[in-house]
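Okay, so here's the structure we're looking at.
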Amino acid sequence: MSFLCFIFHKSPLFSSLSSHSSHSNPEVEGRINLDWLLIQTETPLSLSRFLVDEISSSSYSDSEVDKPTDYDELNLHQNNESIPYEIGFENIEYSRRYNTGTVFVYVKHENLTTVSLEPQGTSFAGFLLISLREDCNINTVRREPLSSQTSSVTLLCLVTKDASEGNRSMTLSFRVFTWLPFHPQEELIRLGTWSLEGFPKWEDLFIDRFESLEESTLHVSSDNSDMPFFYSRDNETFDGTSKRIMDALGGWINFTFTFTKGSSDDKWGEIVNGTWVGMLGDVLRGDKDLAVNYFSVTQERAQYFDFSVPHYNEGFGFTIRVPPPLPRWLSLTYPFTPIVWGGVVVALILMAITYYFLQEQNTRSFFESFMDIAKSLINQGGIVLPSSWIHKVFLVIWWVSAFVIVLSYTCNLIAVLTIPAYPKRIRSIGQLAESDFRVCMLDYGEFVPEALATSRDEELFALGSKLDLVPTTVDQEYFGEEGCVELVLQGTHAHVETFSYNQLIYIEMGYSDVVYFMKEQVYKANLAFFFRKHTPWKFKFDEGIRRLVESGLVQKWYDDIMDEIRRKNKRGVIESSEQSLTIGHLQGPFLILAFGLVVSSVAFITEYLRK
């Protein structure tokens, strides 16, 4: 849907434009021919507002068009008061057929201030300026704020020709021009003379004014500690997915750019005492053209800034220290869970009872039957085979079952003896909220602390109630993230930070093998570039970023950077996966051996003394 604003400059020939109907002034109707200009194009329209000297008595009916109740799309002020002028033409009846677009027509007079778009105002996809003077020049377009706030701008300049003798009317026509903001000559470019054949649709009036930025320099507000999206390499050059996106876009639409190592006030970007600070503050004030760091699209930011299409989707993740391994002296119990151990014990008792009652005349005691069944769990068979076929079939079935149990235990035992067993890790936000872990985050102006503290979600609110903020410091490599890292290594806190950057901090500091990163994230959002409101060339960035994302290049750049940093920080000596068993690995077997020797010694001494 295109929103177009038409601006007419006052001319003595059109002083009666405020009349109720176009038919009430045939001279005006014949000269400007607004019906022919607006209605006969193929673009759907809905004429809704006209502004002139005085309020017209034009009537609106429900069947034609909804009468607006107020006027706030265009900030027109005279003596600090909004002036809702309206005028009706006969062509307003066409709005019954066309209702997918809206055209705002503003008849400008010299005593009224220029129309502009405030940060929260309405945006127009196209801006058509119709000048009723013959002295068209570049200043005619440039002095209108809408021309610098709208991507598509076209100027129609009045051309008059003297009529032939006997005809007092003049022939009116319009020449079509546009303006390229980045063109070094800053001249009007002629597109032709207005005609329905030459410009049958609205889009034909508008060309791409930003096909090339003519080697202009865009100033980027950035922070070089935002891996993998934007950061500094060892040789003081910049890199990251955002940097590579800018390189690709610069080569495509011909512009250069500058980066900064931080914002002007060393802040990230938030509202403090009603004022935007940090990188976003630099953009809002006009000191910079755009911001490319880790900024997600939020409702608050959208009120004050334009943002590009998303280039990545990510949230805030949690880093937790790997819990210490379980005691090795219990290693013989780790191959099975408590439920499996309970099942083995119950099966052993039931099989012993069944085997005991299957015997004829109870030739063997219950204890002897139990031992016959239990021997199979340590790979031993019975001394005497039963004579009954029922007993033999029963024992075969049990031996096969026992073989599977023993084989499963043996395989798991090998893994347990060589690889330490760890307690169950925290995998979800709910488990973290219920745990004894507190949460740590660097206080650099992100919205997360406040969002957690005011969340209606019980789990997120619980995390916010035990969140500890560490101060930002400029004399440390990670600007204070080291404080949270220390708390994580102590095993008392979970570190919350953007998911990618959180991983890279611990990889570069050499702690990636003693921590783990929860896969579940909070506040996942789209990452985008941020611009000042009504930046006219933003649509070129949208088009380029969309192509880079859909082609998979942004994801490939992300993966390449992450892999490079991992390889760079990998230890020089890679430990072999094959390990020799030590006394530490065999604590369990040796403890059972010691326990068995003690029990057997006590039994021997008891028997010796009794005899």
Given a cut-off of 27 Å, name the pairs among 288/570; 267/538; 261/519; 466/533; 466/570 whose C-alpha atoms lie farther apart than that in the structure shown.
288/570; 261/519; 466/533; 466/570
Could you tell me what percent of the accessible area of the range 349-417 is made up of carbon and sulfur, with a 1.4 Å probe and every protein chain present?
71
Quote the convex hull volume per residue of the range 414-552, based on C-alpha atoms, as a whole number of Å³.
185
According to the square roots a ≥ b ≥ c of the eigenvalues of the Cα gyration tensor, what is the shape class of the range 493-611, taking rounded for a/c under 1.5, prolate for a/b larger than b/c otherwise, and oblate for the remainder?
prolate
Among 351, 391, 407, which residue has its Cα positioned farthest towards the positive end of the charge dipole of the range 315-413, with +1 placed on the Cβ of Lys and Arg, -1 on the Cβ of Asp and Glu, and the dipole taken about the Cα centre?
407
Please state the relative contact order of the range 287-377 as a whole percent: Cα pairs under 8 Å, 6+ residues apart?
17
Along the charge dipole of the range 505-611, pointing to its positive end and built from +1/-1 on Cβ of Lys, Arg, Asp and Glu, which listed residue (586, 603, 509) has its Cα farthest out?
509
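Over the range 496-611, average the accessible area per residue using a 1.4 Å probe and give it in Å², no decimals.
On the way: 7270 Å² over 116 residues.
In whole numbers, the range 496-611 has 63 Å² accessible per residue.
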Whole-number D in µm²/s for the range 248-352 (Stokes-Einstein; Kirkwood sum over Cα pairs; 10 °C, 1.306 mPa s)
80
For the range 415-483, how big is the tail of P(r) above 19 Å, as a whole percent of Cα pairs?
50
With every protein chain in place, what's the accessible area of residue 583 (1.4 Å probe, Å², nearest 10)?
120
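Let me check something: with ligands and nucleic acids excluded, how do 127, 499 order by accessible area (1.4 Å probe), largest to smallest?
Ranked from most to least accessible, the order is 499, 127.
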Please work out how much accessible surface residue 213 shows to a 1.4 Å probe, ignoring ligands, DNA and RNA, in Å² rounded to 10.
0
Under unit Cβ charges (Lys, Arg +1; Asp, Glu -1), what dipole magnitude, rounded to 20 debye, does the range 459-611 have relative to its Cα centre?
420
Could you give me the ³J(HN,Hα) list for the range 605-610, computed from phi with Karplus coefficients 6.51, -1.76, 1.60 and θ = phi - 60°, whole Hz, x at Gly and Pro?
5, 4, 5, 5, 5, 5
Can you report the principal axis dimensions of the range 322-481 using only the alpha carbons, biggest first, rounded to whole angstrom?
85, 35, 21
Just grab the label-to-label distance for residue 302 and residue 252, each label 7 Å out from Cα along the Cβ direction, in nm (one decimal).
2.3
Compute, for residue 179, the solvent-accessible surface of its heavy atoms (probe 1.4 Å) with the complete set of protein chains present, and express it in square angstrom to the nearest 10.
20
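The values are calculated or read from the model by the stated rules, or taken from the named source; none is laboratory data. Since the model is a prediction, treat every value here as computed from it, not as a measurement. FYI the Cβ positions are ideal-geometry reconstructions off the backbone, even for glycines, and counts take in every protein chain you see. These accessible areas exclude ligands, DNA and RNA; they are computed on the full protein's heavy atoms, side chains included. Shrake-Rupley method; radii C 1.70, N 1.55, O 1.52, S 1.80 Å.
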